[in-house]
Structures are given as C-alpha cells and as structure tokens.
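Just below is one structure, and these are the notes that go with it.
The values are calculated or read from the model by the stated rules, or taken from the named source; none is laboratory data. All values reported here derive from a predicted model rather than from experimental measurement. Cβ coordinates were reconstructed from backbone atoms using ideal geometry, including for glycine residues, and neighbour counts include every protein chain displayed. Heavy atoms of the whole protein, side chains included, go into the accessibility calculation; ligands, DNA and RNA do not. Shrake-Rupley method; radii C 1.70, N 1.55, O 1.52, S 1.80 Å.
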Amino acid sequence: MKINRIELIEISIPFTKPYALSKVYGTIHSGRAIIFKVHTDKGLTGLGEADPMPPFTSESISSVMAVSKDILCPRLLGREPHDISKIDAELDQALQGNLIARGALNMALYDLLGKACQLPVHVLLGGLLQDRLPLLWPLGSCSIQETFELIEEFQAKGFQTFMLKMGAQPVNEEIKRVRQVRERFGDNVFLIADANQGWEEAEALQFVDGTRDCPVDLLEQPLPHWDREGHRKLRQRSTCPMSADESLTSPHQAAALIREGSVSGFSIKVSKNGGLNMSKQIALTAHTFGLKCLMNSMLEFGISQAALLQLGCTLPNLYPFGHAYMSVLRMRDDITDFADNTSGGVVHVPDKPGLGVSLLEDKLKQYTQSSWTIEH
C-alpha cells in the first residue's frame with residue numbers, strides 16, 4: 001500500500017457563541033482548520049487535521065498550507081504509510097518546527113495504519129487504560145452571574161470540571177470570580193484557571209495569593225510562554241498545581257520545563273504538539289518525573305479531537321478531573337461524527353478502526369474555503 005494523493009482542505013465554522021479569551025487573544029468567533037485526506041492505491045484514506053491559531057501558535061492557515069503542499073506532502077507520495085517513525089525522522093531533517101502541519105500528517109498516517117490493520121489507534125499506542133474520560137467545559141471571560149448560570153446549565157448535563165478563561169479582566173475581578181464560584185458550588189466542581197499568557201508576574205502572584213484559601217484545581221499558563229523563570233517562582237509560591245500550555249510544544253521543551261521546575265503538569269494538544277508520536281513522548285516524559293497531564297484542545301474539529309482521545313485513553317498520568325474533548329460541542333456544526341462519542345459529561349472511546357471518526361462529506365463541502373491536491 002502506497003500513498004498516491006493528498007488533499008488539503010481549509011474549513012471555517014462559527015462558534016455557537018463568541019469565545020472571550022485573555023487580552024492576548026481577544027474574542028474569537030469561529031474555528032478554522034485544514035483537513036488532510038491522505039489517499040492510498042488500495043482505496044484507504046487517512047484523516048488528519050491542522051488547527052493553527054495565531055498568535056497562540058507560530059503557524060497560520062496559510063503557512064500550514066504552504067509548507068504542506070511545498071515540502072511535507074510531496075515527500076509522502078509513493079511511501080508506505082506504516083513507516084510512521086521513519087517518515088517522522090525524515091521530516092525532522094527536512095525542516096524545523098511546523099509541528100501543527102506535521103501533526104496533521106502524523107494523525108492521518110495512524111488513521112491509515114489502524115484502518116489497514118482493522119484496529120483502533122489506541123491499540124497501536126499500547127492499549128486502553130480507560131474506555132471513557134470526563135469532560136470539562138470552558139467558560140470564556142464573563143460576568144459572575146453568567147459564570148453561575150453556565151456552570152448550573154452544564155452541571156445539569158453531567159459536567160463537573162470548568163475551565164475559567166482569565167487574563168482579560170483586572171486580576172482583583174478574577175480573584176472575586178473564583179471566590180464566589182467556590183462559595184456557591186464548593187467542592188462540587190473542579191476549577192481550572194487559564195490565563196492564556198494574559199498576566200504579568202505581579203498579577204499572577206496577586207492571583208495565587210488572593211485565592212490561597214480557595215485555590216483552583218489547576219492554574220494553566222498564567223505568564224508569557226518564554227517566562228520560564230517567572231513560572232518557576234510562581235510555582236514555588238502557589239498552593240495549586242500549575243501546567244504549561246503555550247510554553248510546551250516539543251519533547252525538548254518538556255524536558256527543559258521539568259529540569260527547571262517551572263510547572264507541575266502539562267497541557268497536551270495533539271495538533272500543537274506535532275501529532276501522536278511526539279505527544280505521547282511528552283506525556284510519558286511527564287509521567288517519568290511524576291507530572292500529570294491535561295488532555296486539552298485547540299479550537300478543534302472532530303479529527304484532532306479523535307486523535308487526542310485515542311492517545312488520552314492510553315495514558316497513566318492524567319489529572320483526575322475533566323479533559324477537553326468538547327471542542328465540537330462549541331461549534332455550530334462539525335465535519336465529523338465525533339460528537340456521537342459524548343454524552344452526560346463523558347466521552348466514550350470508540351472501538352472502530354483508525355481514529356474512530358468518520359468524515360461527513362456534505363458538511364466538509366459546505367464549509368470548505370479553499371483546497372489543494374498533491375499527487376504524482
């Protein structure tokens with residue numbers, strides 16, 4: 001079986017409601033991605049997805065499209081798709097960075113291998129440790145009253161973990177938000193505070209001091225991605241676990257963060273972290289040193305979510321609260337059937353071959369913005 005054609009399809013789908021993040025990212029109104037369809041001469045097709053989101057990522061839709069059609073995809077034509085590690089090594093030599101574009105191809109190769117072997121990808125990654133995982137629900141920057149209403153709404157649907165997006169309002173308002181949520185809901189909810197690089201060191205210190213008697217269950221990426229020393233000092237002062245997201249893309253960065261003691265956990269995103277191989281390496285490096293992982297998402301559609309789920313269900317070091325397998329539920333629509341795996345605040349691991357997700361071709365056509373085909 002050899003790869004003979006690769007399609008790159010840019011899509012865009014609006015959110016059900018705008019998503020207010022930190023002052024670094026502002027308010028986002030839609031999700032954008034590039035869908036990869038890797039075809040073979042045996043009639044099998046592997047699916048991948050790239051989810052660039054500048055300035056969160058250094059890659060953009062146009063850069064992923066350019067590097068994929070000019071450099072990455074031509075190197076895969078005529079290749080056996082099961083040579084995943086060999087292909088990864090060769091792409092390491094071909095270019096630096098561009099992990100989002102490479103991650104999409106890695107997903108597609110695993111999807112192909114699973115379909116060829118008639119096995120779910122989680123079997124190829126070592127096998128299930130859990131067949132379902134709890135979901136989190138993210139709340140954009142909003143008022144206390146809206147926070148209460150959303151938590152109550154999604155508690156009724158089975159959610160117990162809520163990610164509070166911060167970094168847009170003054171820190172004293174963010175502290176008040178946490179304190180009031182804790183007063184109202186107590187320990188019946190898990191809280192993740194995610195500032196998305198939106199604070200300076202003094203603001204982050206003010207937050208951890210102001211919530212010391214009612215700490216969140218996880219504080220994610222409070223400072224700019226480059227400020228590892230600031231994260232180290234903050235971690236020493238904080239009473240709650242801290243995780244890296246924007247600071248973590250590669251296994252090399254994972255090793256540096258552990259060595260420096262900058263964080264106590266990692267936020268894993270298969271798209272951001274270069275695909276399944278690199279993401280698993282990061283997660284198991286964390287496990288070796290006693291760090292936990294949050295399975296997190298970009299503004300993703302069902303293919304990236306499926307790849308994230310195939311990995312997450314095999315890992316021994318997940319945080320015991322909800323994980324971000326709800327991305328498609330925030331969209332007005334999806335180009336896959338991934339949402340069928342979610343119910344009652346839980347995501348169930350599918351047992352279908354490959355990534356376990358099917359592409360809805362009519363939806364793909366409806367939301368296509370542009371496309372490109374690479375073939376012999």
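The single condition from (1) free of Cβ contacts under 8 Å to residues at least 60 places away in the same chain; (2) open to solvent by less than 70 Å² (accessible area, probe 1.4 Å); (3) under 20 Å from S264 (Cβ atoms) that E220 fails is (1). If A254 meets every condition in (1) over 18 Å from the mean Cα position of the chain (by Cα); (2) closer than 26 Å to G127 by Cβ apart from one, which number is that one? Of (1) over 18 Å from the mean Cα position of the chain (by Cα); (2) closer than 26 Å to G127 by Cβ, only one is false for A254: (1).
Can you tell me how many residues in region 1-24 are at pLDDT 85 or above and under 23 Å from L139 (Cβ atoms)? The total comes to 3. Filtered by the rule that a residue be of a type in the set (G, A, S) and at pLDDT 95 or above, region 142-169 gives A156, G158. Applying the condition of being modelled with pLDDT of 95 or more and open to solvent by less than 20 Å² (accessible area, probe 1.4 Å) to region 130-141 and asking which residue is nearest to L191 (Cα to Cα) yields L136. With the condition kept exactly as written, say whether any residue in region 321-335 is open to solvent by less than 20 Å² (accessible area, probe 1.4 Å), under 20 Å from L44 (Cα atoms), in contact (Cβ under 8 Å) with a residue 40 or more places away in the chain and within 18 Å of the chain's Cα centre (by Cα). Checking region 321-335: at least one residue is open to solvent by less than 20 Å² (accessible area, probe 1.4 Å), under 20 Å from L44 (Cα atoms), in contact (Cβ under 8 Å) with a residue 40 or more places away in the chain and within 18 Å of the chain's Cα centre (by Cα).
Considered as a group, the residues in region 257-311 that are of a type in the set (G, A, S) and out of contact with any strand residue (DSSP E or B) (no Cβ under 9 Å at 6 or more places or on another chain) include one that is most open to solvent (accessible area, probe 1.4 Å), and that residue is G290.
Of all residues in region 229-274, those satisfying the criterion of being under 15 Å from M298 (Cβ atoms) and of a type in the set (S, T, N, Q) are T249, S267, S271, N273. Cβ-Cβ contacts under 6 Å between residues 6 or more apart (or on different chains), taken from a first residue in region 93-106 that is surrounded by 24 or more Cβ atoms within 10 Å (Cβ to Cβ) to a second residue that is among the acidic types (D, E), are listed as I100/E59; A104/E49. Taken together, the criteria place T239 among residues that are under 19 Å from P320 (Cβ atoms), of a type in the set (V, I, T) and open to solvent by 20 Å² or more (accessible area, probe 1.4 Å). Taken together, S297, S267 contain a single residue that is within 27 Å of N188 (Cβ to Cβ), among the polar types (S, T, N, Q) and either modelled with pLDDT of 95 or more or in a helix (DSSP H, G or I) (or both), which is S267.
For Q369, the conditions (1) open to solvent by 10 Å² or more (accessible area, probe 1.4 Å); (2) not in a strand (DSSP E or B) all hold with the exception of (2).
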